[in-house]
Amino acid sequence: MLSLILPTYNEADNILEMIPILRDTLSEIEYEIIIVDDNSPDGTWKVAQELSKDMDNVHVLRRVDRRGLSSAVIDGFLVAKGDVLSVMDADGQHDHTILPEIYSSVLDNKGVAIGSRYIEGGSVGEWDERRFLMSRIATKLAKKLCAVSVKDPMSGFFAVHRSVFEKALPKLNPKGFKILLDILVHVPKQTEAKEIPFTFSVRHHGESKLSWKVQIEFLEYLYDVTIGKIIPLVFVKYCLVGSLGVIVHVAAFTAISMAFKNGSDLTFSGFSFSVIGATETAILFNFWLNNIWTFSNSRLRGISIFTGLLKFNGACLFGALANYAVSAFLFSNGFPELASVIVGAFTGVIWNYTMNRMFTWKQ
Ligand SMILES: Nc1nc2c(ncn2[C@@H]2O[C@H](COP(=O)(O)OP(=O)(O)O)[C@@H](O)[C@H]2O)c(=O)[nH]1
Ligand SMILES: [Mg+2]
């Protein structure tokens, strides 16, 4: 049996058109269609539920607490009954007429079949140059990571045998758009993959959800499955935030110390006040950026932001003391003030990473 997943976000008009088309295309096959909708504001889930009332083999999975294409596909595969698990865009961009061939290929090879834009006979259709170039670069990078060799590992149109999906499942990353790539990275090397050409056509209605955020997630994914195995991405993000925090610290120090300066002279107590004020400014900045970016997976919201900020301050306390001690020591021993401030600020970064990972965003 074929289980066809249609992930949807704001595709109400498209889904109305697609279901009757797919019924015709799949008339010779035993199939089910599972629409996985992330509580679309345009009510796609409602339209889909209405449609499914008259069709026993059309189901709707409405997710109210999650967003994301890869995770929608994984959830769809998890509730599917078929031995062949397939996915296609719900917007009419994928050529439904090759679905029966995709299905029979997987029945045959017990592996993977891909609707491919990059083999002979396939094409990306009417893309602008920017998207074409980005897709080619992403595909080039992605191909190097796959356990099996294919030409279009970034396609959103494919089918996989249940046994292959289940082998890859424990290692799949639910973030982003690149579910086929993720499967191909984690399948056994001997898995067979067949590509069937098609031309990527234009969306029937609505807009693409391939945002810049999804593209950053793709770069993060590439990092995660390569260097990230040795140096975790969250550590790299934390260091980047920490380095930006040092810049904020130095800028805040420069601004605050102006109030204490007599000409160009800064007293030790003026230096100390400025370092303390700059440290708290940098702590606030780092907390904000770490919360929305570094630890976005366990992002704090609402009232937890305040308790988190308190914990963050607590966890940073020793880092801040070390920062102050080092910079005050250097300054009182004749080091230039900015050099003292910068060396002190870096001293706090490593300490803070360790403490916050252990306490504030417990990972
Ligand atoms: N459930 C769900 N579906 C999504 C999400 N993002 C995109 N989709 C669906 O995934 C398919 C591919 O997305 P699309 O915007 O067409 O990407 P593009 O073809 O690369 O421009 C479409 O059917 C979208 O409605 C999401 O966050 N959740
Ligand atoms: Mg699309």
Would you mind ranking Cys316, Cys239, Cys146 so that the residue whose beta carbon has the fewest other beta carbons within 10 Å leads the list?
Cys239, Cys146, Cys316
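Return the calculated 222 nm mean residue ellipticity for the chain, to the nearest 500 deg cm²/dmol, obtained by summing -39500 (n - 2.57) across DSSP H runs with n ≥ 4 and dividing by the residue count. Please report the intermediate quantities before stating the final value.
Details: 12 runs with 192 residues, N = 363.
Helix-only estimate at 222 nm: -17500 deg cm²/dmol.
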What percent antiparallel are the DSSP beta bridges of the chain, to the nearest 5?
25 percent
If one builds a Gaussian network model of the chain from Cα atoms under 10 Å apart, the most fluctuating residue listed among Phe329, Phe157, Phe346 is Phe329
Out of residues 5 or more away from Arg63 or on other chains, whose amide H comes under 5 Å of its own, with H placed 1.01 Å from N in the peptide plane?
Asp37, Asp38, Asn39
Formal net charge of residues neighbouring Ser104 (Cβ-Cβ distance under 13 Å; K, R +1; D, E -1)
-3
Please list, or write none, the aspartates and glutamates whose alpha carbon is within less than 13 Å of the alpha carbon of Lys171, excluding same-chain residues fewer than 8 places away.
Asp182, Asp224
Any idea what angle helix 268-289 forms with the longest principal axis of the chain, computed on alpha-carbon atoms, 0 to 90 degrees, nearest 10?
10 degrees
Acute angle (nearest 10 degrees) that the helix 212-224 long axis makes with the longest principal axis of the chain, alpha-carbon atoms:
80 degrees
Rounded if a/c under 1.5, otherwise prolate or oblate - segment 2-229, Cα gyration tensor axes:
rounded
Among trypsin sites (Lys or Arg not before Pro) in segment 262-363, those in a DSSP loop whose Cβ has at most 12 other Cβ atoms within 10 Å are Arg301, Lys362
At what distance in nm do the modelled label points of Ile303 and Ser208 sit from each other, each positioned 7 Å from its Cα along Cα→Cβ?
4.4 nm
Express the relative contact order of the chain as a whole percentage, based on alpha carbon pairs under 8 Å and six or more residues apart in sequence.
14 percent
Kindly identify segment 63-183 as rounded, prolate or oblate by the Cα gyration tensor criterion: order the square roots of the eigenvalues as a ≥ b ≥ c, call it rounded if a/c is under 1.5, otherwise compare a/b with b/c, prolate if a/b is larger, else oblate.
rounded
Estimated inter-spin distance, Ser332 and Trp127, nm [label 7 Å along Cα→Cβ]:
6.2 nm
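What pairs in Lys151/Lys189; Lys53/Lys209; Lys110/Lys140 have C-alpha atoms more than 22 Å from each other? Provide the component values of the computation, followed by the final result.
Values: Lys151/Lys189 16 Å; Lys53/Lys209 28 Å; Lys110/Lys140 26 Å.
Pairs exceeding the cut-off: Lys53/Lys209; Lys110/Lys140.
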Over what distance in Å are the Cα centres of segment 289-357 and segment 203-248 separated?
22 Å
On Cα atoms only, tilt of 44-53 relative to the major axis of the chain in degrees
30 degrees
Within the chain, what's the longest run with no GluC sites (Glu not before Pro) in a DSSP loop and at most 14 other beta-carbon atoms within 10 Å? Give the range, please.
208-363
Between Asn109 and Glu17, how many nm apart are label points set 7 Å from Cα along the C-beta direction?
3.1 nm
Report the antiparallel proportion of the DSSP beta bridges in segment 1-95 as a percent, rounded to a multiple of 5.
0 percent
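Only the coordinates and a few stated rules stand behind these numbers; no lab work does. Values in this document were obtained by computation on a predicted structure and should not be read as measured data. Reconstructed Cβ throughout: ideal geometry from the backbone, glycine too, with neighbour counts over all protein chains shown.
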